[in-house]
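Report on one structure; see the data block that follows.
The values are calculated or read from the model by the stated rules, or taken from the named source; none is laboratory data. Source: prediction; values computed, not measured. Because the Cβ atoms are built from the backbone with ideal geometry, glycine has one as well, and the counts that use them run over all protein chains shown. Protein only, heavy atoms only, side chains kept; ligands, DNA and RNA dropped before computing areas. Shrake-Rupley method; radii C 1.70, N 1.55, O 1.52, S 1.80 Å.
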Amino acid sequence: MKTAVYPGSFDPITMGHMDIISRSSKFFEKVIVAIGHNHNKADGMFPVQKRLDMIKSATKNMDNVEVYIYDGLLIDFAEKVGANIIIKGVRNSKDFEYEQNMALINNSLKEGVETFLLVADPKYCFISSSMIRELMYFKKDVTEYVPNEIMHMLNT
Ligand code: PNS
């Protein structure tokens, strides 16, 4: 059974994340969306439990997608859930450089763990959680950048 982990901060989940989840769910038996949370650091814009609710709601029609929160190293979480594949989306060369480094670190921490990089759909290349947070700060509409299912959760 091939299980893949798709880790991230998801603060909040975007249409770009949704595209990566949807595409990878067609190639793996199970995709675990894993929200990285450092209990020593302050929460981001959205509390981690709320991010979990948002992603669960946005992926409710994807039968082979599960959502969890992890604290600590991603590689330890992946081992715990029996996954040796990590999925990341790359929008540009800056993402690639960062993800290449992460992939090398994770592979050196645990041999046999592979990182699969999916090239982001061009229509989502400029979307990021930080951009959404900034637009929200200035009270701009973010409807087209986030899944419909989470819109009512953004301001509560
Ligand atoms: O969406 P992001 O901010 O790119 O997600 C980053 C995340 C949470 C996936 C990454 O920071 C992470 O995996 N953190 C957990 C600690 C870890 O495993 N670090 C890599 C080895 S030093």
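Residues of the range 47-66 falling in the label zone of Lys110, defined by backbone nitrogen less than 20 Å from a point 7 Å along Cα to beta-carbon, are 65-66. The range 137-153 and the range 1-54 have their alpha-carbon centroids 17 Å apart. Measuring between alpha carbons in the structure, the pairs from Lys30/Lys140; Lys94/Lys140; Lys56/Lys123; Lys26/Lys123 lying more than 31 angstrom apart are Lys30/Lys140. Solvent-accessible surface (1.4 Å probe) assigned to Met136 amounts to roughly 30 Å².
What shape does the range 12-146 take by its C-alpha gyration tensor, where a ≥ b ≥ c are the square roots of the eigenvalues and a/c under 1.5 counts as rounded, a/b above b/c as prolate, and the rest as oblate?
Working: a/c = 1.42, a/b = 1.36, b/c = 1.05.
Rounded.
Once the C-beta distance of Val81 and Val119 is scaled by a Förster radius of 22 Å, the resulting FRET efficiency is 0.30 to the nearest 0.05. Excluding ligands, DNA and RNA, the accessible surface per residue across the chain is 57 Å² with a 1.4 Å probe.
For the range 75-156, which whole-number percentage of the solvent-accessible area (1.4 Å probe, protein heavy atoms only) is attributable to carbon and sulfur atoms? In the range 75-156, the share of accessible area belonging to carbon and sulfur is 53 percent.
The Met131 and Leu73 beta-carbon pair, evaluated with R₀ = 22 Å, returns a calculated FRET efficiency of approximately 0.20.
Residues whose amide H lies under 5 Å from that of Tyr70, counting only those 5 or more places away or on a different chain, are Ile35, Gly36, His37; hydrogens are built 1.01 Å from N in the peptide plane. Put a plus charge on the Cβ of each Lys and Arg, a minus charge on the Cβ of each Asp and Glu, and nothing anywhere else: the dipole of the range 49-98 about its Cα centre is then about 260 debye. Checking every one of the trypsin sites (Lys or Arg not before Pro) in the range 35-98 against DSSP loop status and a limit of 14 other Cβ atoms within 10 Å picks out Lys41, Lys60.
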